[in-house]
Structure formats: C-alpha cells, structure tokens
There are 2 protein chains.
Amino acid sequence: MVRQPTIRQVAALAGVSPSTVSRVLNGTDGQHMRPATRDRVLEAIRKLNYTPQRAARSLRRQLAQVLAVLLPDISNPFFALLARGVEAVAFDAGCSTLICDSSNSVHKETRYLSLLLAERVQGVVFVPVAQPDRDAIDRLAHCGVRMVVADREVRGLPTISADNRTGSRMLTEHLLELGYRKIAYIAGPADVSTANDRLAGFLDALKVRDMTPVCVCHGQFTYESAYATAKAILARGSPDAIMAANDLMAVGVMRAAAELGLIVPDDLGVAGFDHVPWAAFVRPQLTTVEVPARRMGTEAARMLLEGTVESLLLPVRVIPGETCSRRSMR
Amino acid sequence: MVRQPTIRQVAALAGVSPSTVSRVLNGTDGQHMRPATRDRVLEAIRKLNYTPQRAARSLRRQLAQVLAVLLPDISNPFFALLARGVEAVAFDAGCSTLICDSSNSVHKETRYLSLLLAERVQGVVFVPVAQPDRDAIDRLAHCGVRMVVADREVRGLPTISADNRTGSRMLTEHLLELGYRKIAYIAGPADVSTANDRLAGFLDALKVRDMTPVCVCHGQFTYESAYATAKAILARGSPDAIMAANDLMAVGVMRAAAELGLIVPDDLGVAGFDHVPWAAFVRPQLTTVEVPARRMGTEAARMLLEGTVESLLLPVRVIPGETCSRRSMR
DNA sequence: CTGAAAGCGCTAACAC
DNA sequence: GTGTTAGCGCTTTCAG
C-alpha cells in the first residue's frame, strides 16, 4: 500500500511546523494566523493532494468523525430513508456513516453496540429490534457515546419518533367521516411501542364516539402476517374496514380481500401507515399516514452532532388515497 | 468521555506484556503460546471487558477494519439489498461497513472516494452514478485500496454484475413464447451499461427470429419516466407488449395502461426487470427477471476481504407472473 | 503568531 | 515463548 503524504511532509513543503498545518486543517488558530503562512500551507496541501488520515485523528482525539445508524433491516425502505437522512447530515458535517444492520436479531444488535464503542463513534441513531441489551447500552452511555433512539421507545433513552398515536387517531377519524363503522384493526407486535401507539390512537378515536372495534388482532409487521390475519377476520365476520399497522400489512389485507372477491373500497375500506414510497404504485391507492422517516434521520443526526439530544415527536399527516382514481377508501 | 481499558492494563492484570495480549487478540503466535498464559490473558480481557480500540489498530496497520459501499441511493431497495449483502459478510469478518450514498451525484461520489482513501478502508463496493471520476479512482487504486464495481461497468475495473443481457434475452423469449409479437421497449439511460445490456438482450432475441421491435425509447430508471413514455407509445401505436428496463418502470407502464383502459395482460403484456421485493405486491403480478442483488453484495465483499477481486457475471432467472391469479402476461 | 515535544493505543520487528 | 521498543500520523499543551 503506497504511502499517502503526511502532515510532516506538508509542513516541510510549506516551511512551517506540523502544528501550523494542523491549525489550518482544523481552523483552530486562537490568535489569527498570518495570511501568508496559511496560504503557503494551503498551497502545499493542494500540491501534495493531502488528506489527513482519519485513524490518526481519531486516536488522538479519542473520537472518530463517524456517525452510526443501527437498525433492524436496511432493506426495509422506511429504515433506508431514515438512514439516508442520517447520512446526509453526517456527510455535510464531514463525518462518515456506519451502517449497522442488526438483521432483526437482538444478539447481533448487542454485538454491534460493542463494536460502536470500539469505534469511538460520535453518536448512534438506534432503531432497536426489541428491548435492547441494557448492559451494552449502559456501557456506551458510560463512555459518553451519544445515542438517540428513533421510531420506537426505549426506557431511559431520548427518542425521536413520529406522533403515531395522533396520526392513528386522525386516520381513524378520517375513516369514520367516510362512513365506516365496523372497523377491524390488525396491530403490530405487542412489544413494539410504535405498534402500541398506533393501536392506542385507533382506540382513542373510537372511545370519543363510544364505539368499539369489531376486533383487534396482533400480528407481525409483515405482508404474510397481515394477509393471514385478514383472511381469518374476513372469514369470521364482516367488518366494513380493516386498518393495518403499516402499509406492508395493508397490502396484505388488500390481497386477502381480493382473493375473497371483496372490492376495495366498496366492500371493504383498507388503511395503512407509513406512506412508504412504493405504496404510491399500489392500486387501489392506499389511504395511509405519512411518517417522516428521512426527517427522523436528519433530526437525530443533527442532535448527535450538536450534542443537544432530547426526545422529539414529529408531526404526521393523513394521506387519503387519490380521489381521481380507484382508492382504498370510499 | 470515560476512558476504556487499554491493552497495557490488560497486560498488567494478566502479568504479561502488551505484545502477548496483542498476540492473543490477533492469533499471531508463530510459536505456540503457553496455554496458561493465554488463559490468564483471556481472563483479564473478560474481567476488564476490554475491546481493542479500532483507531489505534487502523493507524498502526495503516488499514481499517472497514468495508465501504458507495452507491447512488440506499433507499432504492435494490441497492439496499446489495448493501445488506456487503454488511453481512463484513460483519462476519469483524469489519464495520461504511455506507456512502452518492445521492445520484457524481460530485458527491467523488468526494466520497477521497474520504474512503482517508479512511484507509479495506475495500470498496462501488455502484457508480455514471462514469466516475478517473483521478479519484486512480488515486485509490494507486494506494492499494481494493475496489469492485457492482451492477454496472466501468472501464478498467473488475465488475460483479448480473447477466443482464442473457436475462433480458430469456425474458424476451418468454414473451415470444406467450405469443406477443409487437413488443415495444422502454430502456434505461443510455449511459448506464446495465440499461444497454438489457436492451441488447432484447434485440438479440428478436434478431434470432428476424423480428424488429415496434419501438425503442430511452428513459430514466424511474416510475414517472416510464409512465410518460408508455403514454406516448400507446398514443402513437398499439404494441401488444411493453418491456421496461426495470420493475419500477414496468409499474409506471401498468399505470399508463390502466388509465388508457387497457387490461393487462389481455390488451397489453408488461414485463419488468429486477424482481424487487415490493413487486410481489403489485397486481397484476409482474413478469420480471430476478437479479441477485444481495448475492452481488456478498460476493463483492468476499472478494475484497480475500483479495481475490475479479469480474464475475451472476446468473439470473425469469420470474413469470404467478399463474394462479391475474398476472402481467397472458 | 508559530514551533517543539509528548503521547493517543496498538502492533511488529527484534531481542533474549 | 515472551518482553522491549519504536513508531503509525495527528493534535495539543506549553514555550517563546
């Protein structure tokens, strides 16, 4: 591996000391540096095509110019958008972005938490698989590694998430306004706060009107899970609408409905949650709630870099299926 | 930031020298180490909960335990799957994964290439936006940073990609077998090798039978682009099928067809390419070609880690729309 | 305003 | 078999 120029070589070429070069690099000249000196340094940097080696800087500072995003599955478009938000802010701040895909495994997640300590990252945007390993979290915190949980809640950690409860309530009100009365709900896993918040919002809206759900089932956040659950629900009774805990599940519901010969939205209203990009291509068009995935990432990253980590609830909005064509609501 | 234990403290606790600890850590004892010594070291490591600091190791070795994946858009599920493949292999090898999202900007891509040099990464899986900056590439190569291009071709660099040409030919033959004869083709950008290979495969299949395409249009790899192009094609003539350069575009074609009152697959056959996960949810189900995105990532990462980088063409297979329900082909 | 020097934590010759 | 030692390239006191 051919050696790149070092700060000493830049210094030598510019006829200054390494410290001076370092000061130019970091803009840390308390007293103003003589412009001529700075120019000579910049010129030398340019000539040698010099870039400071990150490892040396990290070692010296005991902190890497790195942000990490630890999440259950990067191939989930929702998380990918979030990661993209983190990356954009990190890049602008001169930081690299580590992607840590826990593959929905708490064990792998824990191993990644240790790795992130060894990497001395500036901060971690963390979407846990389930309740994460306390020890690993505590060690990170103890060592001063900043962390913010995104999209779900973890006891004792600042969280940046969408206002799922309000969003779900608004969505339910939307269905009620459209005349749906016998609404079934397919929730996500009971140990994920996001799932519970969405369910709670649904129940909130009904309670205000002294209504009760036709049924509430818990499933996974998957297409298959919702498909099977919807089939079961539709076999047993006849709701006039089914709300699913996310878009993927809603599409599963639509398929179940189609296979049972039900016309959406005439025979059955279907609603999702998330407003994932590909949902725009599903016909009939899904009524859903937009969750600002990317913005979660940018806000989280910004906080980590600024050192102003605190919980934050981002607003969401209901996205009705487009009215000029077939949609999933009447 | 509270200090973590260092290799010296481990050595002190175990009553050995730092080098011995290092040898245990790296498994580099040419002569066998006395088991008792190794055990004392392991015990000390466990007691102190010691993890080697990556920056120090990277500085000393002049090489980070890091793999990078540089791609145009991580929120594109295809690239996300690829990234996931890279991450899985990297993780198993004890490496971290840097995610570099060039956001479809050659400029940002170039900046990332410089950054990766400064990071002294072990290797780069590179999906270029377009023809990438030569200087940046050359500098990386000159410094011995391993690189493999994925999914598209760059002159002079080893590429791991799917056999798009053969896949497209097989897909075309599939349409021909189904009886489609007046096939229009909506290609991707003319400066992307993947797009050209798919177009070439299409033309190959026709040529064998002395057929000519109804029309060939170039568009972007986007839904909107294909939607608009399909509208134009269908307004001008009446192909019995439209092949699109990828699934996203195929869905755009389907929408255009639907809005013109055409029934897929009876009035118009539609075919895509990629077999992206969400395509399974589109109705009628898309006929497409499966491209092994994840495997591209794993193979690329494996090569980079092993130092056996060479071009590789992965096989693909035609995925007919499911036959038991509505599909995009007769 | 700039330079000298120490040291971040780890590894790899080279000793013994 | 294991220890000693000299840095990797950078930042940051402290001098002047």
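The values are calculated or read from the model by the stated rules, or taken from the named source; none is laboratory data. These numbers were taken from a predicted model, which means no experiment stands behind them. When we count neighbours, we look across all protein chains shown, and the Cβ atoms used for this are built from the backbone with ideal geometry, even at glycine.
Which count do you get for residues in the range B:1-37 that are in a helix (DSSP H, G or I) and of a type outside the set (A, V, I, L, M, F, W, C)?
Total meeting the criteria: 10.
Kindly evaluate A:SER96 against the criterion of being away from DNA strand C (no atom under 14 Å from the Cβ) and among the small types (Gly, Ala, Ser).
Here the answer is yes, as A:SER96 does meet what is asked.
Identify, by number, the condition in (1) within 16 Å of DNA strand C (Cβ to nearest atom); (2) modelled with pLDDT of 95 or more that B:ARG38 doesn't meet.
Evaluating B:ARG38 over (1) within 16 Å of DNA strand C (Cβ to nearest atom); (2) modelled with pLDDT of 95 or more leaves (2) as the failure.
Any idea which residue in the range B:40-60 is nearest to A:LEU113 (Cα to Cα), counting only those that are loosely packed, with under 13 Cβ neighbours inside 10 Å and free of Cβ contacts under 8 Å to residues at least 40 places away in the same chain?
B:ARG46
Among the residues of the range A:45-55, write down those that are in a helix (DSSP H, G or I) and either within 12 Å of DNA strand C (Cβ to nearest atom) or not aliphatic (A, V, I, L, M) (or both).
Selection gives A:ARG46, A:LYS47, A:ARG54, A:ALA55.
Which condition number in (1) surrounded by fewer than 19 Cβ atoms within 10 Å (Cβ to Cβ); (2) touching a Lys or Arg at 6+ places or on another chain (Cβ under 7 Å) is the one that B:CYS143 fails?
(2)
So the check is Cβ under 7 Å with 6+ separation or different chains; which pairs have a first residue in the range B:1-18 that's near DNA strand C (Cβ under 8 Å from one of its atoms) and a second one that's of a type in the set (Phe, Trp, Tyr) and part of a loop (DSSP other than H, G, I, E, B)?
Qualifying pairs under 7 Å: B:PRO5/B:TYR50; B:VAL10/B:TYR50.
What's the number of the condition A:ALA55 fails, among (1) within 12 Å of DNA strand D (Cβ to nearest atom); (2) under 24 Å from B:GLY94 (Cβ atoms); (3) at pLDDT below 95?
(3)
When only residues in the range B:9-28 that are loosely packed, with under 14 Cβ neighbours inside 10 Å and within 9 Å of DNA strand D (Cβ to nearest atom) count, which is nearest to A:GLU119 (Cα to Cα)?
Restricting to residues being loosely packed, with under 14 Cβ neighbours inside 10 Å and within 9 Å of DNA strand D (Cβ to nearest atom), the top hit is B:SER19.
Could you list all residues from the range A:155-177 that are more than 27 Å from A:GLY85 (Cα to Cα), out of contact with any helix residue (DSSP H, G or I) (no Cβ under 6 Å at 6 or more places or on another chain) and buried (at least 16 other Cβ atoms within 10 Å of the Cβ)?
A:HIS174, A:LEU175, A:LEU176
Among (1) closer than 30 Å to B:ALA141 by Cα; (2) within 16 Å of DNA strand C (Cβ to nearest atom), where does B:VAL69 come up short?
The number of the failed condition is (2).
Please pick out the residue among B:ARG40, B:ARG60, B:ARG84 that is at the interface with chain A (Cβ under 9 Å from one of its Cβ atoms), part of a helix (DSSP H, G or I) and within 11 Å of DNA strand D (Cβ to nearest atom).
B:ARG60
B:HIS107 passes all but one of (1) within 16 Å of DNA strand D (Cβ to nearest atom); (2) more than 8 Å from chain A (Cβ to nearest Cβ); which number fails?
Unmet for B:HIS107, out of (1) within 16 Å of DNA strand D (Cβ to nearest atom); (2) more than 8 Å from chain A (Cβ to nearest Cβ): (1).
Restricting to the range A:240-278, name every residue that is surrounded by fewer than 24 Cβ atoms within 10 Å (Cβ to Cβ), free of Cβ contacts under 8 Å to residues at least 60 places away in the same chain and touching a Leu at 6+ places or on another chain (Cβ under 7 Å).
Of everything in the range A:240-278, those that are surrounded by fewer than 24 Cβ atoms within 10 Å (Cβ to Cβ), free of Cβ contacts under 8 Å to residues at least 60 places away in the same chain and touching a Leu at 6+ places or on another chain (Cβ under 7 Å) turn out to be A:ALA256, A:ALA257, A:LEU260, A:LEU262.
State all residues of the range B:280-298 that are in contact (Cβ under 8 Å) with a residue 24 or more places away in the chain, surrounded by fewer than 24 Cβ atoms within 10 Å (Cβ to Cβ) and farther than 24 Å from B:THR97 by Cα; if no residue qualifies, say none.
B:VAL282, B:ARG283, B:PRO284, B:GLN285, B:GLU290
Residues of the range B:67-78 being modelled with pLDDT of 95 or more and surrounded by fewer than 24 Cβ atoms within 10 Å (Cβ to Cβ), which ones?
Residues satisfying the conditions are B:PRO72, B:ASP73.
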